[in-house]
Amino acid sequence: MNSDKPTDFMREIIREDLKNGKYDSHVHTRFPPEPNGYLHIGHAKSICLNFGIAEEFKGLCNLRFDDTNPTKEEVEYVESIKEDVKWLGFDWQDREYYASDYFEKLYGFAVELIKKGKAYVCDLSADEIREYRGTLTEPGKESPYRNRSVDDNLELFEKMRKGEFPDGSRTLRAKIDMKSGNINMRDPVIYRIMHAEHHRTGNKWRIYPMYDFAHCFSDSIEGITHSICTLEFEDHRPLYDWFLDKLGVYHPRQIEFARLNLNHTVLSKRKLIRLVQEGHVDGWDDPRMPTISGLRRRGYTPEAIRNFCERIGVAKRDSLVDMALLEYCIREDLNKSAQRVMAVLKPLKVVITNYPENQTEELEAINNPEDESMGTRKVPFSRVLYIERDDFRETPPKEFFRLAPGREVRLRYAYYITCVDFIKDKNTGEVTELHCTYDPATRGGDSPDKRKVKATLHWVSASHAIEAEVRLYDHLFTKPIPGEESGDFKADINPKSIELLKSCFVEPCLADAKSGDRFQFERMGYFCVDRDSTKEKPVFNRTVTLRDTWAKIEKAHKKN
């Protein structure tokens, strides 16, 4: 293997298996999402790991939908998952599978367990099964139906399949050990009755396998070598092994890794569904959501997400990752690839009194100083401009170096200007217009006499700029771990997670920008054209600010 490839405990296990000739010295992984919601950044880690390991070891990776619960699954989720995996840059080729492809085989495996005396039909209700299950400190109690004969179990299970019993009236359970120290081994349910229509099989089935049962046998059927799961499935591994060993079928190796935990957000699909269904966000692709579709709409790139997943690595212990690292990764990527433009988000009118009224100049601006191949563009300059309202102070504080009465500043790519007067609204006292003069000798932003100014401002020409809507996003939650203190994650929703700016102005070069195009608004951050954008009124989402807190964290860490 190449020395620059990542290494971790999981890759070491796989390398050892290959060295020992296990699984005929090949690697075959799978990404097995449940189609009951949209994928989030935590799933991206699993996607990158499964597809990445397969690519690294010249193996294969399947995309398999574990669609065993028809009451929560939808075709919409299936399509969104496929779109997200492709967008991240991975290809499962012709290996798109569904657990529902194997329903007949899974039923046959269940019958075999019954015949071996390793499964039985139980009449206990869900509440009774929980009561009989015991606790971490107390063993469970055997079901009164545990010792039914094989023939009775086969007959009842067939009737379950035919739909002769109502939902919840019976289950098929594995017969293992009700006194096991691992609660998952205390006669787990492997089939339940559900009179529900499946998105692929329709009304053919009236019983559906539980995830633990379907998962291990699906892996076996597909010839998976390494079944990579998140850490919460570590206690389920003995059950995974038990099912496969009892029937003597092909046995993949399950390996667990720590799932991603990211501060200032939630990565529980149950909680994300509540955010969507209760209207706290504008759908699954709301740019404040940690879903892959939400990050895409916000302006994140697949390269940045893959880089993030590589940086956080693969570990055996849960940890909380700082959102600043994810933001650092997108800044790092967009700094190299995003075109620079000027946009004024909170405009203040500037009239250059000594500039000819009907004159327009085209000034040359650099598209990206990090990439000369991106070239330059022409920016129109005229007598009336807009600057940021925050770039002017009538009475500037000590550390304020931008525009103020009598002060000279540089306009980016343009001229030095000096504020000579201003106009206020008589009712509010707010400054509404600045009057400035410019120095024609400073064209391009340089002074021939080398005089210094302490600030450079961005701007747009009022008669040429395009009016736009800009959406500024912040963390969806105010607390690093939502709900940690109150017990209710929704109590920590940030009421200021979005700020809508309706009357912003951007350079005319953005007139033809398309949905998904990304830019750096100079001095303001990185922005992406939203899907709501129109030619008449473009809409931009702020992806991330220019301030890089992660770089500061790393710098401080190295210093210490």
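Residue by residue through the stretch 117-136, note down the ones that are surrounded by fewer than 15 Cβ atoms within 10 Å (Cβ to Cβ) and either β-branched (Val, Ile, Thr) or in a helix (DSSP H, G or I) (or both).
ALA126, ASP127, GLU128, ARG130, GLU131, THR135
Kindly indicate the residue of the stretch 396-429 that is open to solvent by 10 Å² or more (accessible area, probe 1.4 Å) and β-branched (Val, Ile, Thr) and also farthest from ALA441 (Cα to Cα) among those meeting that condition.
THR428
Within the stretch 228-245, count every residue that is under 18 Å from LEU172 (Cβ atoms) and either surrounded by fewer than 18 Cβ atoms within 10 Å (Cβ to Cβ) or hydrophobic (A, V, I, L, M, F, W, C) (or both).
Selection size over the stretch 228-245: 4.
Among the residues of the stretch 482-509, write down those that are part of a loop (DSSP other than H, G, I, E, B) and more than 23 Å from MET289 (Cβ to Cβ).
The answer is GLU507, and nothing else.
State whether one or more residues within the stretch 335-343 are buried (at least 18 other Cβ atoms within 10 Å of the Cβ), touching a residue at least 24 places away in the same chain (Cβ under 8 Å) and assigned to a helix (DSSP H, G or I).
Checking the stretch 335-343: not a single residue is buried (at least 18 other Cβ atoms within 10 Å of the Cβ), touching a residue at least 24 places away in the same chain (Cβ under 8 Å) and assigned to a helix (DSSP H, G or I).
Go through the stretch 307-327 residue by residue and tally those that are open to solvent by 70 Å² or more (accessible area, probe 1.4 Å), touching a residue at least 24 places away in the same chain (Cβ under 8 Å) and either assigned to a helix (DSSP H, G or I) or under 18 Å from GLU56 (Cβ atoms) (or both).
Residues meeting the conditions: 1.
Can you find, within the stretch 98-116, the residue that is nearest to ILE190 (Cα to Cα) among those that are open to solvent by less than 70 Å² (accessible area, probe 1.4 Å) and of a type outside the set (A, V, I, L, M, F, W, C)?
If we take residues in the stretch 98-116 being open to solvent by less than 70 Å² (accessible area, probe 1.4 Å) and of a type outside the set (A, V, I, L, M, F, W, C), then TYR107 is nearest to ILE190 (Cα to Cα).
Scanning for something at positive phi and surrounded by fewer than 18 Cβ atoms within 10 Å (Cβ to Cβ), does the stretch 38-56 turn up at least one residue?
no
Of the residues in the stretch 328-377, how many are out of contact with any Leu (no Cβ under 7 Å at 6 or more places or on another chain) and farther than 24 Å from THR432 by Cα?
Summing the residues that are out of contact with any Leu (no Cβ under 7 Å at 6 or more places or on another chain) and farther than 24 Å from THR432 by Cα in the stretch 328-377 gives 30.
Quick check on my filter: what residues within the stretch 372-385 are assigned to a strand (DSSP E or B) and surrounded by fewer than 22 Cβ atoms within 10 Å (Cβ to Cβ)?
THR376, ARG377, LYS378, PRO380, VAL384
Looking for whichever is free of Cβ contacts under 8 Å to residues at least 40 places away in the same chain and within 30 Å of VAL78 (Cα to Cα) here; the options are ASP167, ASP151. Which one fits?
Exactly one of ASP167, ASP151 is free of Cβ contacts under 8 Å to residues at least 40 places away in the same chain and within 30 Å of VAL78 (Cα to Cα), namely ASP167.
Given the conditions (1) part of a loop (DSSP other than H, G, I, E, B); (2) loosely packed, with under 12 Cβ neighbours inside 10 Å; (3) of a type in the set (Lys, Arg), report the number of the one that LYS479 does not fulfil.
(2)
Using the structure shown, decide if ARG410 is within 30 Å of THR534 (Cβ to Cβ), basic (Lys, Arg) and not in a loop (DSSP other than H, G, I, E, B).
Criteria not met by ARG410.
For the structure I just gave you, tell me whether SER447 is modelled with pLDDT under 95, open to solvent by less than 30 Å² (accessible area, probe 1.4 Å) and touching a Phe, Trp or Tyr at 6+ places or on another chain (Cβ under 9 Å).
Yes: the conditions hold for SER447.
Can you tell me how many residues in the stretch 185-209 are open to solvent by less than 30 Å² (accessible area, probe 1.4 Å) and either under 17 Å from ALA126 (Cα atoms) or without any contact (Cβ under 8 Å) to a residue 24 or more places away in the chain (or both)?
So the answer is 12.
The values are calculated or read from the model by the stated rules, or taken from the named source; none is laboratory data. These numbers come from a predicted model, not from an experiment. Here the Cβ is made from the backbone with ideal geometry for all residues, glycine too, and neighbour counts use every protein chain on show. Remember, those area values only see protein heavy atoms, side chains included, never the ligands or the DNA or RNA. Shrake-Rupley method; radii C 1.70, N 1.55, O 1.52, S 1.80 Å.
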